[in-house]
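See below for the structure under consideration.
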Amino acid sequence: MTPHPTPFLMPPEDFCDLKRAQAVVVPFAYEGGVSYGLGAAGAPQAVLAASRQVEYYDEVLDAEPYRVGLGTVAAPLIPDDPVQMLALLETLTDELLAQSKFPVVVGGDHSITSGFVQSVGRYCPEFGVIQLDAHADLRDRYEGSPHSHACVMARIREMTSHTLQIGIRSMAAEEARRVKRDNISLCTMRQWRLGQFDICRALAELPPKVFITLDVDVFDWSVVASTGTPEPGGFGWQEMLDLLMAIFETKQVVGVDVVELAHQPHDINSAYAVAKLIYKIIGFKFAGCLQKVSISSLSASADS
């Protein structure tokens, strides 16, 4: 893999080398599976550009997460055929997982996720998938395609039955029937807000290793406005950070993707929010091995 010419966050050169990087960002600009708004193909580059405005220092962790090594691979040329697209992403993430790296894929639409999950299954005989999303995405086919973004969790449940869906506030009757029939662990946004869902129990029932797929339409529009299939009433920023921290504290997260940002040139806020979210996720992953910022290190930075 070759490094991206404009790496995520633009860390100092010593810290973005792919060979030593523990976390690697993979821009994957595919939007062949969308059914409504466009813009997902432009999202990865917009996020990379916005990430240059994100501070290295994380005030929650009192550390600089990039110091674990934060690489970015070159954006691949993605085929239009969905089967070939999924095979390409599987190959890319497989190579990173083989090197014990923490891949963070930046989509692109949600249909890409099953390619990543396929590679996770190769390294984790038993694993769970946590979906943070406004939509259930449990249709077997949508608009004639099994590879629509509306079908991604149906494809994932063909790979693992250990799934947890949080933030759902839009689904078809056929999906609701499937949730009941298959006893799928699913938390609607209303259940979350009313405290009617036991998140600790739901996490405990998943295997130790999990993959997180985060569709940015899980957020309220005040956090991320530009997404292809918007739904009102989503998570606030701090709500989501608290949830992610709980997941990372209780589970071994082996990979993450962040999908469905529909970049619009007039909206720089959404791309920035996604860039900061990704950096937060990397910080949560490596929180246990990050060195706290000390007075002496601050003084050294000021002197330089």
Review point. Counting only residues that are of a type in the set (A, V, I, L, M) and touching a strand residue (DSSP E or B) at 6+ places or on another chain (Cβ under 8 Å), how many does the range 53-82 have?
Key: 6
Exercise for review: Would you mention how many residues in the range 87-119 are within 20 Å of Asp133 (Cβ to Cβ) and surrounded by fewer than 23 Cβ atoms within 10 Å (Cβ to Cβ)?
Suggested key: 1
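When you scan the range 142-194 for helices (runs of 4 or more DSSP H) that lie fully inside it, which ones turn up with 3 or more residues that are charged (D, E, K, R)? Spell out how you get there, then give the answer.
Details: elements: 152-156, 173-181, 189-193.
Qualifying helices (runs of 4 or more DSSP H): 173-181.
Output the residue which, of all residues in the range 203-228 that are among the polar types (S, T, N, Q) and in contact with a Ser or Thr (Cβ under 7 Å, 6 or more places away or on another chain), is farthest from Gly42 (Cα to Cα).
Residues of the range 203-228 among the polar types (S, T, N, Q): 213, 222, 226-227.
With the extra rule that they be in contact with a Ser or Thr (Cβ under 7 Å, 6 or more places away or on another chain), the set shrinks to 213, 226.
Working: Thr213: 19, Ser226: 12 Å.
Among residues in the range 203-228 that are among the polar types (S, T, N, Q) and in contact with a Ser or Thr (Cβ under 7 Å, 6 or more places away or on another chain), the one farthest from Gly42 (Cα to Cα) is Thr213.
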Check your understanding: Taking the range 132-145 as the region of interest, how many residues are among the acidic types (Asp, Glu), touching a residue at least 60 places away in the same chain (Cβ under 8 Å) and surrounded by fewer than 24 Cβ atoms within 10 Å (Cβ to Cβ)?
Key -> 1
**Study point:** Among (1) in a strand (DSSP E or B); (2) touching a Phe, Trp or Tyr at 6+ places or on another chain (Cβ under 7 Å); (3) not acidic (Asp, Glu), the one test that Val120 misses
**Key:** (1)
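Could you look through the range 54-71, keep only residues that are more than 18 Å from the chain's Cα centre (by Cα) and in a helix (DSSP H, G or I), and pick out the one that is surrounded by the fewest Cβ atoms within 10 Å (Cβ to Cβ)?
Of the residues in the range 54-71, the ones more than 18 Å from the chain's Cα centre (by Cα) are 55-64, 67-69.
Next, from what is left, pick out any that are in a helix (DSSP H, G or I): 67-68.
On the way: Arg67: 17, Val68: 20.
Among them, the one singled out is Arg67.
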Check your understanding: Do we have any residue at all in the range 41-53 that's farther than 20 Å from Phe15 by Cα, without any contact (Cβ under 8 Å) to a residue 12 or more places away in the chain and more than 16 Å from the chain's Cα centre (by Cα)?
Key -> no
**Study point:** Pick from the range 146-200, criterion surrounded by fewer than 13 Cβ atoms within 10 Å (Cβ to Cβ) and among the hydrophobic types (A, V, I, L, M, F, W, C), ranking: farthest from Gly233 (Cα to Cα)
**Key:** Cys200
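Take Leu203 and tell me if it is part of a helix (DSSP H, G or I), closer than 20 Å to Lys285 by Cβ and either within 19 Å of the chain's Cα centre (by Cα) or without any contact (Cβ under 8 Å) to a residue 12 or more places away in the chain (or both). First the steps, then the outcome.
Values: part of a helix (DSSP H, G or I): yes; closer than 20 Å to Lys285 by Cβ: yes; either within 19 Å of the chain's Cα centre (by Cα) or without any contact (Cβ under 8 Å) to a residue 12 or more places away in the chain (or both): yes.
Against the criterion (part of a helix (DSSP H, G or I), closer than 20 Å to Lys285 by Cβ and either within 19 Å of the chain's Cα centre (by Cα) or without any contact (Cβ under 8 Å) to a residue 12 or more places away in the chain (or both)), Leu203 qualifies.
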Review point. In the range 29-58, what count of residues is obtained for those that are of a type in the set (Asp, Glu) and modelled with pLDDT of 95 or more?
Key: 2
Point to revise | Members of the range 228-272 that are more than 22 Å from Val210 (Cα to Cα), over 13 Å from the mean Cα position of the chain (by Cα) and among the aliphatic types (A, V, I, L, M) | key: Ala262, Ile268, Ala271
Review point. Is it true that some residue in the range 218-231 is β-branched (Val, Ile, Thr), more than 28 Å from Cys151 (Cβ to Cβ) and in a loop (DSSP other than H, G, I, E, B)?
Key: no
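Results for (1) closer than 18 Å to Ile278 by Cβ; (2) free of Cβ contacts under 8 Å to residues at least 60 places away in the same chain, shown as yes or no for each residue.
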| site | (1), (2) |
| --- | --- |
| Gly69 | yes, yes |
| Pro82 | no, no |
| Leu89 | yes, no |
| Val105 | yes, no |
**Study point:** Within the range 96-110, considering residues that are under 18 Å from the mean Cα position of the chain (by Cα) and part of a helix (DSSP H, G or I), the one nearest to Tyr30 (Cα to Cα)
**Key:** His110
Review point. Which residues, counting only those in the range 209-223, are touching a residue at least 40 places away in the same chain (Cβ under 8 Å) and of a type in the set (D, E, K, R)?
Key: Lys209, Asp215, Asp217
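Out of Val293, Val254, Val259, report the one residue that is more than 23 Å from Asp109 (Cβ to Cβ), touching a residue at least 24 places away in the same chain (Cβ under 8 Å) and either aliphatic (A, V, I, L, M) or in contact with a Phe, Trp or Tyr (Cβ under 7 Å, 6 or more places away or on another chain) (or both). Let's see the steps before the verdict.
Working: Val254 fails: more than 23 Å from Asp109 (Cβ to Cβ); Val259 fails: more than 23 Å from Asp109 (Cβ to Cβ).
The conditions single out Val293.
The values are calculated or read from the model by the stated rules, or taken from the named source; none is laboratory data. Fair warning: this is a prediction, and the values are worked out from it, not measured in the lab. A quick note on method: Cβ atoms are made from the backbone with ideal geometry, for glycine too, and the neighbour counts reach across all protein chains shown.
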